[in-house]
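The values are calculated or read from the model by the stated rules, or taken from the named source; none is laboratory data. Owing to the predicted nature of the structure, the values given are computational and were not obtained by experimental measurement. Here the Cβ positions follow ideal geometry from the backbone for every residue, glycine too, while neighbour counts run over all protein chains shown. Side chains are part of the model used for accessible areas, which takes the heavy atoms of the whole protein and leaves out ligands, DNA and RNA. Shrake-Rupley method; radii C 1.70, N 1.55, O 1.52, S 1.80 Å.
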Amino acid sequence: MSAPPATSQTAEGAAPPAVSLGQAFRYWLKLGCISFGGPAGQIAIMHSDLVEKKRWISERRFLHALNYCMVLPGPEAQQLATYIGWMMHRTVGGLMAGGLFVLPSLLLLIGLAWVYLAFGQVPAVAGVLYGIKPAVTAIVALAAWRIGSRVLRNRALVAIAAAAFLAIFALGLPFPAIVLGAGLLGALGGCWRPAWFQAEGGHGVAKQHFGPALIDDETPPPAHARFTWGRFARLLLLGLGLWAGAMAGLVGLFGWDGALSQMGWFFTKAALLTFGGAYAVLPYVFQGAVEHYQWLSPAQMIDALALGETTPGPLIMVVTFVGFVGGWNQALFGADHLFLAGAAAALAVTFFTFLPSFVFIQLGGPLVESTHGQLKFTAPLTGITAAVVGVILNLALFFAWHVLWPAGWGGAFEWPALVLGLGAGLALFRYQLGVIPVILGCGAAGLLLAWIVPLL
């Protein structure tokens, strides 16, 4: 089905022709292969392509969809692609756009995880990973700085961030409890001092007009985007049914305590807690996957983030790597089928992480299309976002500890790692280099160290 026709023309020209499903497929696949740069970069790519160049959707409708996706838990860039694909080609378009957004990253991370586990002890590979880890620590610190500079606009929000840091660093409170407490503080603060908890804009896309769009400002919602309670109920039951069916299948095959069943349950909860982006949920994933279930080690978690930073797609795809390593380490299907175990766990984790995102778009899209007014963050979400800053700072300190003292406080201090980390931080903070060049540079430096040290 082609996209809805535009209803207006201006002196700037006519709206572009309708887009076929095949054309949309080719674009979404291309986007999945080039979507580096985190959510801001991915949203910028879509804005440039779909609003400015192709004019598939107008600026106002694009921002309207983006604001909704930013309110939801989950990766907002992937959800935005799903939303636009759904608007243009119904449910199949949404599934295609959202699925192709993550498919290249899924396949790439499965391959990288296999290389990592099968050949990670090879000196050259180990050297590259040694150099990348300090860069990852600097990247997480930069994330805390960037989010904090945007979010912590007053003393109340700074206090929430500080309390969240102390709660997870000193008290070891679980991430869901911190989210709940921050949301409650935000709700109370919104009633007491609403000005302190007012939401501000998202990713800073400027409002302009680029000519008539296929889905223009005044284009009425297509039939499939009109809200009805019957459709809402059917989709809700379908989403719950898919989740329950998958969980029942895993429990039936492996039992409730089986690793795949526990991964499905754990990453469902993680998917519903990703307010504030992937960096916000990483501490929760660490607490569960490393400390509680022990599917992988702290060093492997750092490596997971390092490889996740170097692949296209949303950063939350790091959970695919976590799942693969967990399935491999657990030898789910025996010692002779480690790759199969890792791939099965990676696919299961990815399914349960992204299923809620597709359901949210299908359920909420018609409600969003029923009004074209700007959606705003609520005060509880503002409180949660402030708490995220403290949680990410704790994650950066944790990574720094494991990178600089890999054998614990009693072990040797890694001076080369400190130098690489400071260099990565300088490149990111002072010279504002991109994540990919910094990771590649530090990886090359680590490879050079692996070659030089044996000669000394």
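Scanning for something open to solvent by 20 Å² or more (accessible area, probe 1.4 Å), more than 30 Å from residue 155 (Cα to Cα) and modelled with pLDDT of 90 or more, does segment 367-388 turn up at least one residue? No, segment 367-388 contains no residue that is open to solvent by 20 Å² or more (accessible area, probe 1.4 Å), more than 30 Å from residue 155 (Cα to Cα) and modelled with pLDDT of 90 or more. Scan segment 214-245 for residues that are outside any helix (DSSP H, G or I) and not hydroxyl-bearing (Ser, Thr, Tyr) and jot them down. Once the filter is applied, which keeps residues that are outside any helix (DSSP H, G or I) and not hydroxyl-bearing (Ser, Thr, Tyr), segment 214-245 yields 214, 215, 216, 217, 218, 220, 221, 222, 226, 227.
Going residue by residue through segment 11-32, is there one that turns out to be modelled with pLDDT of 80 or more, under 16 Å from the mean Cα position of the chain (by Cα) and closer than 30 Å to residue 385 by Cα?
yes
Select from segment 117-142 the residues that are assigned to a helix (DSSP H, G or I) and open to solvent by 30 Å² or more (accessible area, probe 1.4 Å) and list them in ascending order. Once the filter is applied, which keeps residues that are assigned to a helix (DSSP H, G or I) and open to solvent by 30 Å² or more (accessible area, probe 1.4 Å), segment 117-142 yields 117, 118, 119, 123, 124, 125, 126, 128, 130, 133, 141. All told, residue 255 meets the bar of being open to solvent by 10 Å² or more (accessible area, probe 1.4 Å) and on the phi > 0 side of the Ramachandran plot.
Taking the options 103, 142, name whichever one is aliphatic (A, V, I, L, M) and at pLDDT 85 or above.
On the way: 142 fails: at pLDDT 85 or above.
Selected residue: 103, the only one of 103, 142 that is aliphatic (A, V, I, L, M) and at pLDDT 85 or above.
Looking only at segment 267-277, decide whether some residue is over 30 Å from residue 50 (Cα atoms) and open to solvent by 10 Å² or more (accessible area, probe 1.4 Å). Yes.
For segment 171-194, a tally of residues being more than 29 Å from residue 268 (Cβ to Cβ) and outside any helix (DSSP H, G or I) returns 1.
Would you confirm whether any residue within segment 351-359 is assigned to a loop (DSSP other than H, G, I, E, B), buried (at least 19 other Cβ atoms within 10 Å of the Cβ) and at negative phi?
no
Would you confirm, using the coordinates I've provided, whether residue 324 is at negative phi and either open to solvent by less than 10 Å² (accessible area, probe 1.4 Å) or at pLDDT 90 or above (or both)? Judged against the criteria, residue 324 is a match.
The lone criterion from (1) without any contact (Cβ under 8 Å) to a residue 60 or more places away in the chain; (2) of a type outside the set (D, E, K, R); (3) open to solvent by 20 Å² or more (accessible area, probe 1.4 Å) left unmet by residue 289 is number (3).
Considering segment 228-252, the residues that are in contact (Cβ under 8 Å) with a residue 40 or more places away in the chain and over 28 Å from the mean Cα position of the chain (by Cα) include one that is least open to solvent (accessible area, probe 1.4 Å), namely 231. Being at pLDDT 90 or above and either touching a strand residue (DSSP E or B) at 6+ places or on another chain (Cβ under 7 Å) or within 29 Å of residue 126 (Cα to Cα) (or both) holds for only one residue in 343, 304, and it is 343. What do you reckon, is residue 90 part of a helix (DSSP H, G or I), over 19 Å from the mean Cα position of the chain (by Cα) and of a type in the set (D, E, K, R)? Yes: the conditions hold for residue 90. Restricting 193, 153 to those that are open to solvent by 50 Å² or more (accessible area, probe 1.4 Å) and within 28 Å of residue 428 (Cα to Cα) reduces the list to 153. List pairs: first residue in segment 296-321 and over 14 Å from residue 114 (Cα atoms) and in contact (Cβ under 8 Å) with a residue 12 or more places away in the chain, second residue of a type in the set (Ser, Thr, Tyr) and in a helix (DSSP H, G or I) anywhere in the structure, Cβ distance under 6 angstrom, at least six positions apart or on different chains. As it stands, the answer is 311/105; 312/105; 313/105; 317/105; 319/353, since those pairs meet every condition given. Within segment 51-73, being under 12 Å from residue 361 (Cβ atoms) and open to solvent by less than 10 Å² (accessible area, probe 1.4 Å) holds for 65, 69. Within the set 450, 396, 417, 412, the sole residue that is small (Gly, Ala, Ser), modelled with pLDDT of 85 or more and touching a helix residue (DSSP H, G or I) at 6+ places or on another chain (Cβ under 7 Å) turns out to be 417.
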